[in-house]
Amino acid sequence: MAVSFQRLVYPFSAIVGQSELKLALLLNAINPKIGGLLVRGQKGTGKSTAVRALADLLLDVTVVKNCHFNCSPNDPTNMCPSCLEEFQAGNVLEAESRKMSVVSLPIGATEDRVIGSLDIERAIGHGIRALQPGLLAEANQNILYIDEVNLLPDHITDSILDAAASGWNIVEREGISVAHPSRFILIGTMNPEEGELRPQLADRFALHISVESIYDQEQRVEIIHRNLEFGEDPVKFSERWSGEQEKLRRQILQAKDLLNVVEVQEWMMHAVASACIRLHLDGHRPDITTIRAAKTLCALEGRKTVIAEDILKVANMAVGFRTRGGGFEEPASPAEIRDTYEDALRRAQAEATAK
């Protein structure tokens, strides 16, 4: 199988270890509605490699040709005002297929570079056409990757997280406001040794995981072998892993198709709510994220009904590092999370059976 030079990133399926990181990335790739991922870990633990490798597994996206905002030609809820006007007039929007890409936000990026800049005089008469698109326009229907997210200015991080939550980027200048769709898979990485992310901002990421260096000797040797092979002949190495890559692509596609029919029993939702209450978690994001992630894991494994183990497998990444008790309690430990969820699931199932 021929491999194009544009796609010669390290193969996702060739990454050694880091199973939780790979799972969290796959869950977001299948179901962007989960709400993104924050990855904590020291430098050299494969965070950036895994994120960039993910893009090669993703499907093509269909966009409006020559639109600066990567609008969908078929979904009016994902169209800028110009595309929507054409669509509502009954005109067919010319479309093209593009490979989903990783849009990286560089350290030091200005607010205008991120959200776009607006020509006030032109905006009065030309609306969206007066906006010089930023990275949030480029990120629509793609992956927005922020390395060292903890070092970004808070106001830029706020703008990105607001767009991630609403699916829209709103640019306001001197009383004039324009908006365009900005739906992306948000992935942030950070090294805690370089400073923490404000809890209020960290809480806006749906899934949180922590990665560490691998201390198994055999795995470290395998990492050496694979990286040397890739560095010496990336084409040959990529071809060697093309079968595994294609298998993962099919699995992602099947999971996307299956996701809408996956069912969660009512008692499981009660168990998740109970566990979040007992852990004193702030807000309702932990409950919703746990259920969404469990449904997505179920679809990834080719099943239509969520089981308790699905919830237990995603609970730590959905709940860990979240604020508790109004921000006055430390985040729950993995052991505390698992014990609480296991007990809540056991009690809720017993009550449901007894009815």
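The values are calculated or read from the model by the stated rules, or taken from the named source; none is laboratory data. Note that this is a predicted model, so its numbers are computed, not measured. Neighbour counts run over all protein chains shown; Cβ positions are idealised from the backbone, glycine included.
Summary of values
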quantity: Residue within region 63-70 that is in a strand (DSSP E or B), over 16 Å from the mean Cα position of the chain (by Cα) and under 17 Å from Gly167 (Cβ atoms) present; calculated: yes
quantity: Within region 237-326, helices (runs of 4 or more DSSP H) holding 2 or more residues that are among the basic types (Lys, Arg) and touching a helix residue (DSSP H, G or I) at 6+ places or on another chain (Cβ under 6 Å); calculated: 242-259
quantity: Single residue of Ala318, Ala308, Ala348, Ala271 found to be within 17 Å of Leu38 (Cα to Cα) and small (Gly, Ala, Ser); calculated: Ala318
quantity: Residue check, Ala50 farther than 30 Å from His284 by Cα and not polar (S, T, N, Q); calculated: no
quantity: Residues located in region 194-244, provided they are loosely packed, with under 15 Cβ neighbours inside 10 Å and of a type in the set (Lys, Arg); calculated: Arg198, Arg220, Lys236
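Per-residue answers, yes or no, for (1) at pLDDT 90 or above; (2) outside any strand (DSSP E or B); (3) in contact with a His (Cβ under 7 Å, 6 or more places away or on another chain); (4) farther than 22 Å from Thr323 by Cα:
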site: Ile124; (1), (2), (3), (4): no, yes, no, yes
site: Arg129; (1), (2), (3), (4): no, yes, no, yes
site: His155; (1), (2), (3), (4): no, yes, no, no
site: Glu172; (1), (2), (3), (4): no, no, no, yes
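One line per residue, one yes/no per condition, for (1) assigned by TED's automatic domain parsing to the domain that holds Leu37; (2) over 15 Å from the mean Cα position of the chain (by Cα):
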residue	(1), (2)
Ser166	yes, no
Ser182	yes, no
Pro192	yes, yes
Asn227	no, yes
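Matching residues to (1) buried (at least 17 other Cβ atoms within 10 Å of the Cβ); (2) out of contact with any Gly (no Cβ under 9 Å at 6 or more places or on another chain); (3) of a type in the set (S, T, N, Q):
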{"residue": "Ala294", "(1), (2), (3)": "yes, yes, no"}
{"residue": "Arg303", "(1), (2), (3)": "no, yes, no"}
{"residue": "Ala318", "(1), (2), (3)": "yes, yes, no"}
{"residue": "Gly325", "(1), (2), (3)": "no, yes, no"}
{"residue": "Ile337", "(1), (2), (3)": "yes, no, no"}
